[in-house]
Amino acid sequence: MEKLTLDDIKEYLETKYIGRNIIYLDKATSTNDIAKEMAEKGVPDGLIVIAEEQTKGRGRMGRKWITGKGEALAVSILLRPDIEPNLCPSITSLIALSSVKAIRKVTGFDIMIKWPNDLVLNNRKLGGILTEMTMEGMKVKYIIIGLGLNINQEDFDEDIKNIAVSLKSFSGENFNRRIILSEILNFFERDYEYFKRFGLSYFVEDIKKYSIIFGKEISVIDGYKSVDGTVVDIDKEGGLILKTSDGNLKRIISGDVIMEGLYNIYSNKI
Amino acid sequence: MEIKDIKEIIKAIDMSSISEFEFQKGDMRILIKKNDEIKNIKFIKEPEVESTVVIEEKAQAKEEIKEEELYFIKSPIVGTFYSSPNPDSKPYVEVGSKVKKGDVLCIVEAMKLMNEITCDVDGEIVKIMADNGSFVEYGQPLFGIRKV
């Protein structure tokens with residue numbers, strides 16, 4: 001199994017600070033938990049935490065994500081941006097875009113974004129992002145981005161077989177995790193620097209281009225509510241603009257997307 | 001306005017996520033508050049003839065809390081308010097919960113960014129001003145806390 005310490009990836013890493021401090025663990029509850037602990041201890045911007053196995057890896061609202069040893073990538077990034085809290089939700093869309101560009105560059109595969117935080121390959125889930133923000137009063141104290149990516153898993157458990165994909169299960173090829181991780185960090189640091197100056201608007205055209213739901217009819221389920229419509233736009237903060245059947249436009253910032261032919265969280269079939 | 005209209009309003013507000021409703025027309029003022037279980041409807045000035053309407057539910061049981069005494073925790077982002085870490089678990093806090101500085105009170109989520117809202121004072125939760133799953137605005141008060 002190829003390790004992912006700084007020594008292992010530095011030949012591919014072009015960043016100034018993101019990933020220049022790495023905590024690489026064999027096992028952790030979740031990489032976000034460790035990153036949070038470090039953040040509370042005052043560790044600076046750009047720390048990344050990687051774990052080969054997560055016992056409590058989590059998706060949105062406590063959903064579990066199991067990482068197999070050496071086959072996937074589970075990484076958390078600690079950021080301490082000096083920006084308004086209201087801008088922070090856009091960071092999820094930003095890292096989704098940076099990751100798509102990076103993995104496309106390495107693999108050449110048509111990786112897409114399922115709004116706002118999943119990476120899609122062959123209509124199945126390749127990876128997901130969970131961002132957590134901690135405030136101090138009304139100021140951002142720190143942000144932790146958790147990224148989970150399926151890379152060299154040969155196969156998946158029966159219950160997620162139809163909805164999950166790895167780079168290997170799609171292509172039969174093995175991929176070098178060091179290169180993939182480094183490229184994601186390289187793309188993300190560049191994008192993040194622009195984001196802090198110009199906001200997400202600088203990236204919206206690319207986000208639309210790689211969005212698998214753009215122009216499509218979808219439903220968004222948020223708690224007990226559901227909205228149906230056609231995705232007509234993604235706004236400069238990453239919000240989804242749906243045109244409903246009565247012709248009204250509705251802005252969506254929360255919820256899970258359901259689209260025909262694309263995996264969703266409510267079913268284990270496409 | 002008749003009693004029947006007022007009842008309609010109460011019903012509509014009861015089923016909505018609105019926690020406070022105020023309406024004033026002429027010499028009549030209606031103030032309806034939800035979460036603290038006080039529903040008051042009264043005329044501020046006596047109407048000229050007949051019906052003085054005073055409907056009070058559970059009002060005598062609870063002392064009315066003066067807003068200026070409370071410390072409010074506000075939402076730092078626009079998003080969806082979640083009272084518990086996931087749909088199957090208990091809320092982080094309820095009315096009457098004792099809280100300490102640093103305790104998590106709720107999550108406000110937008111674009112899959114989970115913002116754990118923590119308490120920055122010690123005290124007791126007196127009011128919860130958003131419903132689970134409801135949309136909250138930037139700066140909207142979420143909790144009223146009586147400091148200790």
Open item on the list: It is to be established whether one or more residues within the stretch B:127-134 are surrounded by 18 or more Cβ atoms within 10 Å (Cβ to Cβ), β-branched (Val, Ile, Thr), closer than 27 Å to A:ILE145 by Cα and in contact (Cβ under 8 Å) with a residue 40 or more places away in the chain.
Closed with: no
Open item on the list: Checking the conditions here, which among A:LEU130, A:LEU147 is open to solvent by less than 30 Å² (accessible area, probe 1.4 Å), modelled with pLDDT under 95 and within 14 Å of chain B (Cβ to nearest Cβ)?
Closed with: A:LEU130
Task: Residue check, A:ILE213 assigned to a strand (DSSP E or B) and in contact (Cβ under 8 Å) with a residue 40 or more places away in the chain - done: no
TODO: Of all residues in the stretch A:217-246, count the ones that are open to solvent by 50 Å² or more (accessible area, probe 1.4 Å), under 23 Å from A:SER98 (Cα atoms) and either over 24 Å from the mean Cα position of the chain (by Cα) or away from chain B (no Cβ under 14 Å) (or both).
DONE: 2
Open item on the list: Looking only at the stretch A:249-263, count every residue that is surrounded by fewer than 20 Cβ atoms within 10 Å (Cβ to Cβ) and assigned to a loop (DSSP other than H, G, I, E, B) and tell me the total.
Closed with: 3
Task: Residue that is nearest to the other protein chains (Cβ to nearest Cβ), among those in the stretch B:82-104 that are in a strand (DSSP E or B) and farther than 24 Å from A:ILE221 by Cβ - done: B:VAL104
Open item on the list: Can you tell me which residue is farthest from the other protein chains (Cβ to nearest Cβ) among those in the stretch A:82-98 that are over 18 Å from the mean Cα position of the chain (by Cα) and open to solvent by 10 Å² or more (accessible area, probe 1.4 Å)?
Closed with: A:ASP82
Task: Residue among A:SER171, A:SER166 that is in contact with a strand residue (DSSP E or B) (Cβ under 7 Å, 6 or more places away or on another chain), in contact (Cβ under 8 Å) with a residue 60 or more places away in the chain and among the small types (Gly, Ala, Ser) - done: A:SER166
Open item on the list: For the stretch A:11-54, which positions are in a strand (DSSP E or B) and closer than 11 Å to A:TYR142 by Cβ?
Closed with: A:LEU47
TODO: Taking A:LEU121 as meeting all but one of (1) within 30 Å of A:GLY137 (Cα to Cα); (2) open to solvent by less than 10 Å² (accessible area, probe 1.4 Å), write down the number of the exception.
DONE: (1)
- [ ] Look at the stretch A:224-248 and say how many of its residues are free of Cβ contacts under 8 Å to residues at least 12 places away in the same chain, in contact with a strand residue (DSSP E or B) (Cβ under 9 Å, 6 or more places away or on another chain) and in a loop (DSSP other than H, G, I, E, B).
- [x] 1
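Residues checked against (1) farther than 27 Å from A:ILE113 by Cβ; (2) away from chain A (no Cβ under 11 Å); (3) in a strand (DSSP E or B); (4) of a type in the set (A, V, I, L, M, F, W, C):
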| residue | (1), (2), (3), (4) |
| --- | --- |
| B:CYS106 | yes, yes, yes, yes |
| B:GLU109 | no, no, yes, no |
| B:MET114 | no, no, yes, yes |
| B:ASP120 | yes, no, no, no |
| B:VAL126 | yes, yes, yes, yes |
| B:ASN132 | yes, no, no, no |
| B:TYR138 | no, no, no, no |
| B:ILE145 | yes, yes, yes, yes |
Task: Residue count for the stretch A:118-139, restricted to those that are over 20 Å from the mean Cα position of the chain (by Cα) and either closer than 23 Å to A:MET259 by Cα or β-branched (Val, Ile, Thr) (or both) - done: 0
Open item on the list: Being over 25 Å from A:PHE203 (Cβ atoms) and either in contact with a Phe, Trp or Tyr (Cβ under 6 Å, 6 or more places away or on another chain) or surrounded by 18 or more Cβ atoms within 10 Å (Cβ to Cβ) (or both) is the requirement here; does A:ILE163 meet it?
Closed with: yes
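The values are calculated or read from the model by the stated rules, or taken from the named source; none is laboratory data. Keep in mind it's a predicted model, so treat the numbers as computed, not measured. All Cβ positions, even for glycine, are placed from backbone atoms using ideal geometry, and neighbour counts span all protein chains on display. These accessible areas exclude ligands, DNA and RNA; they are computed on the full protein's heavy atoms, side chains included. Shrake-Rupley method; radii C 1.70, N 1.55, O 1.52, S 1.80 Å.
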